[in-house]
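Undergrad: I am attaching a structure below and will ask some questions about it afterwards.
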Amino acid sequence: MNKDETPVVQDAKSADSPTLQRRTFLRVGAAGATGLAVAGATGLGLPYLSKQGLLSPDGAFGAVSTALGDQLFYTEVFPTSPLILNPFTDELNVPKALAPSTDYMDWVDPPGPGEGQQNSLFNEKHQIWPDKIGSPDPIVYKLELLVRPHAFTTSDVMGIDKKGRPVQTFDENGKTVAAGTARKLPLSTIYGFNGSFPGPMINAEYGKPVLIRFQNRLDENPWGLDRQDFGAPDWSFLTHLHNGHTAPESDGNPHYSSIRGPKHGGYLPGMWVDNLYLNWPAGNDDTEKQSFFWFHDHRMDQTGSNVYKGMVGLYPIYDPKNGMDMGDERQGLRLPGVRVNRKDGAFDVLYDIPLAFYDARLDDGVTVHQDVHDQLGQFPDANNPRTHPEWWGKTFFKHFPNHGFVGDIFTVNGTAYPVYEVKRRKYRFRFLDCSIARIYEFKLMTSTNGPKTAASLGFSGDDLDGQWRIPDGQQCMQFHQIASDGGLLPNVITRDSFELWPAKRREFIVDFTQYMDGSPTKKGDVIYLTNVMKMDTGRMWTNSSRFSPDPAYKVPMIKIIIGDDAPDDSKMPAPNQTLRPLPPLPKNWKSMLDNRLIFEVKRGSGGGEIEWLINGVEFNPEKVSTSLKNPAGKTPLAEQKMGSFNLWEIRNGGGGWVHPFHLHMEEHRTVMRNGVDVTNKALPSHPEDRSREDLVALDPSESVIVYRGFRDFVGPYVAHCHNLAHEDHAMMFGWSII
């Protein structure tokens, strides 16, 4: 360590300048801690460190530098959320489609194809306007980023400790409320698209482009809400349509934003950007069509905190060609859905239900807030490190947790433990995991005795996660999977359960007329959508159907009540029926293996803000990444010629972590997993490998090789882990189409 580095670390710890870059600060801090790290290695215990995945190629340095980060920059303690006393009383929020704007030509700066018409900085142009591909002008929407309150439940709640015992709570002035008092949960502060969480749903169609003007009004706070201590400190945003086939200026990726867009981490208050979604498949190839997007914030270093703050929206997309999948169960594939065209230009689809899953953790008023962004003075009004009794019951977030961030309250479409009455007919459900790190595994279960609190069953600590259990839960129905991330599957897959990883989408048909044993349902029957995957930290699950099932972990998430009969013109796809064929692979794809690009995701040795790396380096928005040495002995740049195709390998560097790895812009086909050819038959652990996806699900130490295209646009894009604590701490790389 150089002598002149020491005061830099000390100054950084006491700095109050929000402009100081977190990564620079932590890199200096990690370097300054090198000697202490080596000296303290034996004190932490090498076997323990190895088991926890904290050892690195540098020996104990990575583990101890991270441990030092725990001590110097933040507190690794999480609150226990108040117990929701009356779950399954709030109705499930089933979003209606947003109506398009009709007055956009009267805007001061209307959207259009000309120079400078893509954003409020007037420095960008849309790369492809719809008329270039024979499409009509886009349907225009306006979404404003707003500060608003949000209620996760209307139920009474009660404060509990880590053993499930009643404890005192606090009011908005920080004054104590007696232990055991049932009270209403205070409203949490969100940054939401049009002020809601999840944000509006846009029902889109192939062949009908959409342009969304995103307007930043996060500097306004008409409700006088406490902003708390998370979310981008400069109130900036980016919006990414995950995983639209989109030009880089509309992709909302920080690789573009930092070097060609606003030249900042995101668009600041007062700015707007027009994101153009052509709703046109890659290469104009019908086999590349998708069915369920979502849009979310992608602000560099703050994606996790902005998404957790509420920047989530829904974007189902239908295929009207030959009536194949246009939301009308009387045509095409006849998937469940009754289309209702509205006079305002939007349409709704009955019996076609999006479900967005999000886990939250609420403040207990006694847990100390201490995080690296507090040391940098990014939230000076919070005066951290300290407790925040005035925030009791509001969302608690830790930007920089050692083992990732998971919540202990589970919500669906913004509501904790909702109830939903269905008709006796078939439904189409579109599942989305918009959590920071949590992975779910879902089953459909019945329960004779109904939900019990985890505390009343003797659970404590992390076993309180989810709050409620159905100890006698038994599977009663199956899921019929029709789509994954990349749209409709080649064939339907019947499943007893399925995993849902962060940012992944899965679509299923559920027949509510009969149980899996063939007996009919009847009005008033109750079914629970149940999570059976136990995940105490953001590292990975501890128990699931694939790994050590825990029969005691059955968390009911939606109470489904069978209602009246309803007409049903939909058809369950036959097992051998083709829903959408896969794009073809070249017959000689194996000859491309030697020249593949290789990217390894792994915990770094420096800890801190560069804790998560790809190929050993942090994300640099000004550079294109370089592949590891491939079997041909080359280290090619992550640059692809427009119209080309290639094999990319994504490796999990180990440490007992799982990584949902996301590649922007086009979907891929998985060709190999752990050295096994899965092009004709997927491994049982990942049946969706026989589909198109935009996320690579990496189990511990796995390797996956994918085949993907790079078509229609040029410019910079990114790829990153969608465990958002990993993405925000440098596990992202830039790549380009040239």
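Undergrad: Among the candidates 617, 676, which residue alone is at pLDDT 95 or above and either closer than 30 Å to residue 545 by Cα or among the β-branched types (Val, Ile, Thr) (or both)? Explain how you work it out, then say what you get.
TA: Values: 617 fails: at pLDDT 95 or above.
Exactly one residue qualifies, and that residue is 676.
Residue by residue, here is whether (1) in contact (Cβ under 8 Å) with a residue 12 or more places away in the chain; (2) part of a strand (DSSP E or B); (3) not assigned by TED's automatic domain parsing to the domain that holds residue 306 holds:
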residue: 252; (1), (2), (3): yes, no, no
residue: 255; (1), (2), (3): yes, no, no
residue: 263; (1), (2), (3): no, no, no
residue: 275; (1), (2), (3): yes, yes, no
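Undergrad: Examine the range 508-517 for a residue that is within 24 Å of residue 422 (Cα to Cα) and in contact with an Asp or Glu (Cβ under 7 Å, 6 or more places away or on another chain), and state whether such a residue exists. Lay out the reasoning, then the answer.
TA: Filtering the range 508-517 down to residues within 24 Å of residue 422 (Cα to Cα) leaves 508-517.
Add one more test, that the residue is in contact with an Asp or Glu (Cβ under 7 Å, 6 or more places away or on another chain), and what stays is none.
No, the range 508-517 contains no residue that is within 24 Å of residue 422 (Cα to Cα) and in contact with an Asp or Glu (Cβ under 7 Å, 6 or more places away or on another chain).
Undergrad: Now, a different point. Give, as residue ranges, the strands (runs of 3 or more DSSP E) completely inside the range 390-468 that count at least 2 residues that are of a type in the set (Phe, Trp, Tyr).
TA: Values: elements: 409-412, 419-424, 426-433, 440-446.
Once the strands (runs of 3 or more DSSP E) in the range 390-468 are filtered for at least 2 residues that are of a type in the set (Phe, Trp, Tyr), what remains is 426-433, 440-446.
Undergrad: Any residue in the range 619-627 that is free of Cβ contacts under 8 Å to residues at least 24 places away in the same chain, assigned to a strand (DSSP E or B), surrounded by fewer than 21 Cβ atoms within 10 Å (Cβ to Cβ) and under 29 Å from the mean Cα position of the chain (by Cα)? First the steps, then the outcome.
TA: Within the range 619-627, the first condition is being free of Cβ contacts under 8 Å to residues at least 24 places away in the same chain, and the residues that meet it are 626.
Filter once more, so that each one left must be assigned to a strand (DSSP E or B): 626.
If we keep only those that are surrounded by fewer than 21 Cβ atoms within 10 Å (Cβ to Cβ) as well, we get 626.
So of that shortlist, the ones also under 29 Å from the mean Cα position of the chain (by Cα) come out as 626.
Yes, some residue in the range 619-627 is free of Cβ contacts under 8 Å to residues at least 24 places away in the same chain, assigned to a strand (DSSP E or B), surrounded by fewer than 21 Cβ atoms within 10 Å (Cβ to Cβ) and under 29 Å from the mean Cα position of the chain (by Cα).
Undergrad: Looking at the range 149-175, which of the residues that are touching a strand residue (DSSP E or B) at 6+ places or on another chain (Cβ under 6 Å) and either among the polar types (S, T, N, Q) or under 30 Å from residue 276 (Cα atoms) (or both) is surrounded by the most Cβ atoms within 10 Å (Cβ to Cβ)?
TA: Per the criteria, the residue is 169.
Undergrad: Output the residues belonging to the range 579-591 that are part of a loop (DSSP other than H, G, I, E, B) and closer than 19 Å to residue 667 by Cα.
TA: To start, the set of residues in the range 579-591 that are part of a loop (DSSP other than H, G, I, E, B) comprises 579-588.
579, 580, 581, 582, 583, 584, 585, 586 - these are the residues of the range 579-591 that are part of a loop (DSSP other than H, G, I, E, B) and closer than 19 Å to residue 667 by Cα.
Undergrad: Is it the case that some residue within the range 458-479 is farther than 27 Å from residue 84 by Cβ and not assigned by TED's automatic domain parsing to the domain that holds residue 244? So that I can check it myself, show each step before the final result.
TA: Filtering the range 458-479 down to residues farther than 27 Å from residue 84 by Cβ leaves 478.
Pick out the ones that are also not assigned by TED's automatic domain parsing to the domain that holds residue 244 and you get 478.
The answer is yes, given that some residue of the range 458-479 is farther than 27 Å from residue 84 by Cβ and not assigned by TED's automatic domain parsing to the domain that holds residue 244.
Undergrad: Taking the condition closer than 22 Å to residue 401 by Cα, of a type in the set (Val, Ile, Thr) and without any contact (Cβ under 8 Å) to a residue 24 or more places away in the chain, does residue 367 pass? Explain how you work it out, then say what you get.
TA: On the way: closer than 22 Å to residue 401 by Cα: yes; of a type in the set (Val, Ile, Thr): yes; without any contact (Cβ under 8 Å) to a residue 24 or more places away in the chain: no.
In short, no.
Undergrad: What single numbered condition from (1) assigned by TED's automatic domain parsing to the domain that holds residue 218; (2) part of a loop (DSSP other than H, G, I, E, B) fails to hold for residue 367?
TA: (1)
Undergrad: Okay, next question. What residue, among those in the range 117-148 that are over 24 Å from the mean Cα position of the chain (by Cα) and among the hydroxyl-bearing types (Ser, Thr, Tyr), is farthest from residue 430 (Cα to Cα)?
TA: As a first pass, look at the range 117-148 and keep what is over 24 Å from the mean Cα position of the chain (by Cα): 117-140.
Next cut, among the hydroxyl-bearing types (Ser, Thr, Tyr) only: 120, 135.
Details: 120: 34, 135: 27 Å.
The qualifying residue farthest from residue 430 (Cα to Cα) is 120.
Undergrad: Return the residue satisfying two criteria in turn: it lies in the range 386-419 and is among the hydroxyl-bearing types (Ser, Thr, Tyr) and on the phi < 0 side of the Ramachandran plot, and of such residues it is farthest from the chain's Cα centre (by Cα). Write out each step before concluding.
TA: Restricting attention to the range 386-419, the residues satisfying the condition of being among the hydroxyl-bearing types (Ser, Thr, Tyr) are 387, 395, 411, 415, 417.
In the following step, the residues that additionally are on the phi < 0 side of the Ramachandran plot were identified as 387, 395, 411, 415.
Details: 387: 28, 395: 17, 411: 14, 415: 17 Å.
In this case the residue turns out to be 387.
Undergrad: Determine which single condition residue 408 fails, assuming it passes every other condition in (1) buried (at least 18 other Cβ atoms within 10 Å of the Cβ); (2) at pLDDT below 95; (3) not polar (S, T, N, Q).
TA: With (1) buried (at least 18 other Cβ atoms within 10 Å of the Cβ); (2) at pLDDT below 95; (3) not polar (S, T, N, Q) applied to residue 408, the lone miss is (2).
Undergrad: Kindly establish whether residue 504 is touching a strand residue (DSSP E or B) at 6+ places or on another chain (Cβ under 9 Å) and either more than 16 Å from residue 693 (Cβ to Cβ) or polar (S, T, N, Q) (or both). First the steps, then the outcome.
TA: Details: touching a strand residue (DSSP E or B) at 6+ places or on another chain (Cβ under 9 Å): yes; either more than 16 Å from residue 693 (Cβ to Cβ) or polar (S, T, N, Q) (or both): no.
No; evaluated as a whole, the condition is false for this residue.
Undergrad: Scanning for something among the polar types (S, T, N, Q) and either touching a residue at least 40 places away in the same chain (Cβ under 8 Å) or not assigned by TED's automatic domain parsing to the domain that holds residue 108 (or both), does the range 321-333 turn up at least one residue? Spell out how you get there, then give the answer.
TA: Applying the first criterion (among the polar types (S, T, N, Q)) to the range 321-333 yields 322, 331.
Now drop any that are not either touching a residue at least 40 places away in the same chain (Cβ under 8 Å) or not assigned by TED's automatic domain parsing to the domain that holds residue 108 (or both), which leaves none.
No, there is no match, as no residue in the range 321-333 is among the polar types (S, T, N, Q) and either touching a residue at least 40 places away in the same chain (Cβ under 8 Å) or not assigned by TED's automatic domain parsing to the domain that holds residue 108 (or both).
Undergrad: What residue, of 79, 149, 113, 95, is closer than 29 Å to residue 353 by Cβ and either part of a loop (DSSP other than H, G, I, E, B) or of a type in the set (Asp, Glu) (or both)? Working first, answer last.
TA: Working: 79 fails: closer than 29 Å to residue 353 by Cβ; 149 fails: either part of a loop (DSSP other than H, G, I, E, B) or of a type in the set (Asp, Glu) (or both); 113 fails: closer than 29 Å to residue 353 by Cβ.
Within the list 79, 149, 113, 95, the selection yields 95.
Undergrad: Residue check: is residue 441 within 30 Å of residue 205 (Cβ to Cβ) and under 27 Å from the mean Cα position of the chain (by Cα)? Lay out the reasoning, then the answer.
TA: Numbers: within 30 Å of residue 205 (Cβ to Cβ): no; under 27 Å from the mean Cα position of the chain (by Cα): yes.
Considered against the rule, which asks whether it is within 30 Å of residue 205 (Cβ to Cβ) and under 27 Å from the mean Cα position of the chain (by Cα), residue 441 comes out as no.
Undergrad: Got a sec? Which of 569, 594, 564 is in contact (Cβ under 8 Å) with a residue 12 or more places away in the chain, of a type in the set (Asp, Glu) and part of a loop (DSSP other than H, G, I, E, B)?
TA: Working: 594 fails: part of a loop (DSSP other than H, G, I, E, B); 564 fails: part of a loop (DSSP other than H, G, I, E, B).
Criteria check complete, one pass: 569.
Undergrad: Among the numbered criteria (1) free of Cβ contacts under 8 Å to residues at least 40 places away in the same chain; (2) surrounded by fewer than 20 Cβ atoms within 10 Å (Cβ to Cβ); (3) not in a loop (DSSP other than H, G, I, E, B), which single criterion is violated by residue 670?
TA: Single failed check for residue 670: (2).
Undergrad: If a residue has to be at positive phi and under 26 Å from the mean Cα position of the chain (by Cα) to count, how many in the range 501-527 make the cut?
TA: Keep residues of the range 501-527 that are at positive phi, which gives 503, 518, 524.
With the extra rule that they be under 26 Å from the mean Cα position of the chain (by Cα), the set shrinks to 503.
Here the count works out to 1.
Undergrad: Among the residues that make up the range 590-606, is at least one of them modelled with pLDDT of 95 or more, of a type in the set (Phe, Trp, Tyr) and in the same structural domain as residue 651 (by TED's automatic domain parsing)?
TA: yes
Undergrad: So which residues in the range 348-380 are aromatic (Phe, Trp, Tyr) and touching a strand residue (DSSP E or B) at 6+ places or on another chain (Cβ under 6 Å), if there are any at all? Working first, answer last.
TA: To start, the set of residues in the range 348-380 that are aromatic (Phe, Trp, Tyr) comprises 351, 357-358, 379.
If the condition is that a residue be aromatic (Phe, Trp, Tyr) and touching a strand residue (DSSP E or B) at 6+ places or on another chain (Cβ under 6 Å), then 351, 357, 358 are the ones that fit.
Undergrad: From the residues in the range 364-385 that are more than 24 Å from residue 82 (Cα to Cα) and of a type in the set (Asp, Glu), which one is farthest from the chain's Cα centre (by Cα)?
TA: Applying the filter and picking the extreme gives 381.
Undergrad: When only residues in the range 94-116 that are over 31 Å from the mean Cα position of the chain (by Cα) and charged (D, E, K, R) count, which is nearest to residue 338 (Cα to Cα)?
TA: Residue satisfying both the conditions and the ranking: 103.
Undergrad: Quick check, is residue 398 surrounded by 19 or more Cβ atoms within 10 Å (Cβ to Cβ), among the basic types (Lys, Arg) and modelled with pLDDT under 95?
TA: Details: surrounded by 19 or more Cβ atoms within 10 Å (Cβ to Cβ): yes; among the basic types (Lys, Arg): yes; modelled with pLDDT under 95: yes.
Yes.
The values are calculated or read from the model by the stated rules, or taken from the named source; none is laboratory data. Fair warning: this is a prediction, and the values are worked out from it, not measured in the lab. Reconstructed Cβ throughout: ideal geometry from the backbone, glycine too, with neighbour counts over all protein chains shown.
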